[in-house]
Each structure stands twice: as C-alpha cells, then as structure tokens.
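Each remark here refers to the structure printed beneath this line.
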Amino acid sequence: MPGGALRRHRPLVEAALGDVMPRAAHLEFNAPLNIVVQPGKRVIPQRGAVGDVPRPGLILLTLDPDSAELATVANRAPARMIAHELHHARRWDGPGYGATLGEAMVSEGLAGAFANTLYGDPPEPWETALTPEIARYWGQREYDHGRWFFGTGDLPDWAGYTWAYGHIAAYLARYRDESATSLATVDAAHFVP
C-alpha cells in the first residue's frame with residue numbers, strides 16, 4: 001500500500017481496490033497480478049491519477065500526491081480506473097494490448113466498456129470527447145499514441161479513447177450476448193469496422 005508521499009491517500013486506494021476487486025473477480029489471469037501504487041506527476045489532470053499496464057501481470061497506478069483533484073474525484077472514479085486497467089491486464093493474457101492503432105482502440109474500448117459494465121456510471125470524459133471517423137487509420141503500425149489518446153498533436157484530447165469507446169459500445173449493443181469480459185482475449189481483427 002502507498003507510503004511516504006502517498007500515505008494520506010491510502011484510504012482512497014484501499015477503498016477503490018476493495019470496491020473493484022470483488023466486482024472483477026470473474027476475470028481470470030494466467031499469471032499472478034501485481035498492482036503497484038506509486039507517486040508521480042504524469043497523471044490525468046482531471047483525476048490526479050493514471051493507470052498503466054506496461055506488460056503482463058503488472059498494473060501501475062500513479063497518483064499525484066499534491067493533486068487537488070485526487071481528493072475530490074467522483075466517488076467511484078479511482079475504482080473505475082482500476083477496473084479499466086484490470087481489463088487491460090486480462091487482454092495481455094490474450095492478444096495483448098496491440099501494436100496498431102485499431103488494436104489499441106479495441107483494447108481501450110473494451111476496457112471502458114468493462115468499467116461501465118461493473119459500475120453502470122456514465123462514460124468517462126475521455127470516452128465522449130468527440131466522434132472522429134478513423135477507420136482508414138485502423139491498421140497503422142506507426143501511429144503516435146500520444147496524438148490519438150492524449151491530444152499531443154493535431155487531434156483533440158482523448159480522440160482515440162472516444163472513438164474506441166463508441167465503437168465497442170455500438171458493437172456490444174448489436175451483439176448483446178457478448179460482453180467486455182467475454183471479449184477480453186478476442187483478437188482486434190474481430191472488430192474491424
């Protein structure tokens with residue numbers, strides 16, 4: 001659990017983990033899963049935190065200990081973030097996160113849908129930022145992840161997350177017998193627009 005700079009946020013982290021882990025207990029992992037909570041400044045400004053799954057079996061939760069937002073975020077925002085990252089960790093056991101823009105969008109869309117399934121809350125702000133038509137870019141291997149997902153180039157913030165969430169939501173609305181959990185290990189090619 002967090003210590004040092006994150007000590008005062010320990011109750012927030014414990015509450016989020018205590019809330020999400022039973023809800024996500026149906027996810028099965030091929031190897032032990034480690035969740036590391038660390039201090040840092042590169043976070044989603046509106047949340048004061050960010051999650052990452054850089055490789056199988058590892059979730060990194062970075063919290064800005066000085067963020068005013070961290071203490072005031074919506075009640076379930078930290079738990080939803082952890083749920084999102086748990087789904088990414090499950091995809092690492094299957095096809096992986098992905099090397100193309102389309103594969104990354106499938107991973108992000110499924111993770112957003114999974115968090116929504118567990119909590120039923122409205123989508124996150126980055127899941128509804130805009131509705132770009134990007135099918136022609138689907139197979140790009142050399143894409144700028146920051147440009148598509150974090151607005152570091154000519155695209156608005158969260159363009160990739162928004163398109164991904166919308167694409168997967170439309171898919172799940174059409175195929176109601178499937179879920180973000182059942183699709184966690186399905187190859188991204190299954191979702192080609």
Looking only at GLY120, GLY94, GLY166, which one moves most when the chain is put into a Gaussian network model with springs between Cα atoms under 10 Å? GLY120
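So which GluC sites (Glu not before Pro) in the stretch 75-175 end up in coil per DSSP with only 16 or fewer other C-beta atoms within 10 Å?
Here the GluC sites (Glu not before Pro) that fit, given the DSSP loop and packing criteria, are GLU133, GLU142.
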At most 15 other Cβ atoms within 10 Å plus a DSSP loop assignment makes a site exposed; report the longest stretch of the chain without any exposed chymotrypsin sites (Phe, Trp or Tyr not before Pro). 30-174
Set the Förster radius R0 to 25 Å, insert the Cβ-Cβ distance between GLU69 and ALA25 as r into 1/(1 + (r/R0)^6), and round the FRET efficiency to 0.05. 0.30
For helix 159-174, report the angle its Cα long axis makes with the longest principal axis of the Cα atoms of the chain; keep it between 0 and 90° and round to the nearest 10°. 70
Per residue convex hull volume, Cα atoms of the chain, in Å³: 115
So, in nm, how far is label SER179 from label GLN38 when the simple model puts each one 7 Å beyond its Cα toward the Cβ? 3.3
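Rounded to a whole number of µm²/s, how large is the Stokes-Einstein D of the stretch 101-191 at 4 °C and 1.567 mPa s, given Rh as the Kirkwood radius over C-alpha pairs?
98
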For LEU58, the residues 5 or more places away or on another chain with a placed amide H closer than 5 Å to its own amide H are ASN34
For the chain, what is the mean residue ellipticity at 222 nm derived from helices alone (per DSSP H run of n ≥ 4: -39500 (n - 2.57); sum divided by total residues; nearest 500 deg cm²/dmol)? -12500 deg cm²/dmol
If you line up the long axis of helix 77-92 against the longest principal axis of the chain, both from Cα atoms, how many degrees apart are they, to the nearest 10? 50
State the three equivalent ellipsoid semi-axes of the stretch 55-126, derived from the C-alpha gyration tensor as the square roots of 5 times its eigenvalues, in descending order and whole Å. 23, 15, 11
From the residues PRO45, PRO156, GLN140, which one has its Cα farthest along the dipole of the stretch 29-159 in the positive direction, the dipole being from +1 and -1 charges on Cβ of Lys/Arg and Asp/Glu about the Cα centre? GLN140
For the stretch 1-86, what is the convex hull (Cα atoms) projected area averaged across all directions, in square nanometres? 5.3
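Taken together, the values in this text are just the output of simple stated rules run on the coordinates, not laboratory data. No experiment lies behind these values; they were computed from the predicted model shown. Glycine also receives a Cβ, built like all others from the backbone with ideal geometry; neighbour counts cover every protein chain displayed.
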